[in-house]
Amino acid sequence: MQASKTLGVVSALAMLALVVGCATKPAPDFGGRWKPVNHFSESSMEIPLYSSYVFQALPSDGTLKHMLERWASDNQMRLDYSATSDYTLYGPVAKISTTDLTQAVEVLNQAYAERGVAIRGDGRELVVTGRRSN
């Protein structure tokens with residue numbers, strides 16, 4: 001008698017746990033910009049495969065030499081940095097944002113002229129010269 005009562009209570013608790021475990025809230029109705037899957041749009045959109053390189057300074061560059069190394073590497077150019085010093089990047093350099101290497105080099109020459117730094121770029125190489133230390 002005692003065993004059958006215990007078995008009945010255990011069975012009832014197991015059944016209750018099973019029912020409670022299955023009783024979950026339905027998924028919320030998410031709003032926002034959801035797009036249906038497996039759906040084609042009404043019109044075509046152009047996706048450029050190749051974009052022009054933008055010569056610009058990045059905060060992670062930190063110095064003139066590092067920025068020019070990145071530019072040269074990104075564009076398969078050679079860098080000849082023969083200046084005896086490196087220089088931190090500052091305000092005027094942050095304004096560079098062009099696809100034209102000649103324009104970018106022109107801004108750099110204006111920015112670092114008072115330091116005696118001269119930069120040339122022809123698409124195959126970047127050449128940096130500067131004052132010699134005493």
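The values are calculated or read from the model by the stated rules, or taken from the named source; none is laboratory data. Nothing here was measured: the structure is a model prediction, and the numbers come from that model. Here Cβ is always computed from backbone atoms with ideal geometry, including for glycine, and neighbour counts include all displayed protein chains.
Overview of values
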quantity: Failed condition for residue 91, given (1) under 28 Å from the mean Cα position of the chain (by Cα); (2) crowded, with 16+ Cβ neighbours inside 10 Å; (3) of a type outside the set (S, T, N, Q); calculated: (2)
quantity: Search result, residues across the range 80-134 that are assigned to a helix (DSSP H, G or I), β-branched (Val, Ile, Thr) and either in contact with a Cys (Cβ under 8 Å, 6 or more places away or on another chain) or closer than 19 Å to residue 61 by Cα (or both); calculated: 93, 105, 107
quantity: Near pairs, Cβ below 8 angstrom, 6+ apart or cross-chain, from the range 38-64 (in a strand (DSSP E or B)) to any residue that is of a type in the set (Asp, Glu); calculated: 55/100; 63/86
quantity: Extreme residue, farthest from residue 128 (Cα to Cα), among residues of the range 47-77 that are modelled with pLDDT of 90 or more and surrounded by fewer than 10 Cβ atoms within 10 Å (Cβ to Cβ); calculated: 52
quantity: Pair list, Cβ under 7 Å, 6 or more apart: the range 66-77 residue in contact (Cβ under 8 Å) with a residue 40 or more places away in the chain, other residue outside any helix (DSSP H, G or I) and of a type in the set (Lys, Arg); calculated: 72/78; 77/124
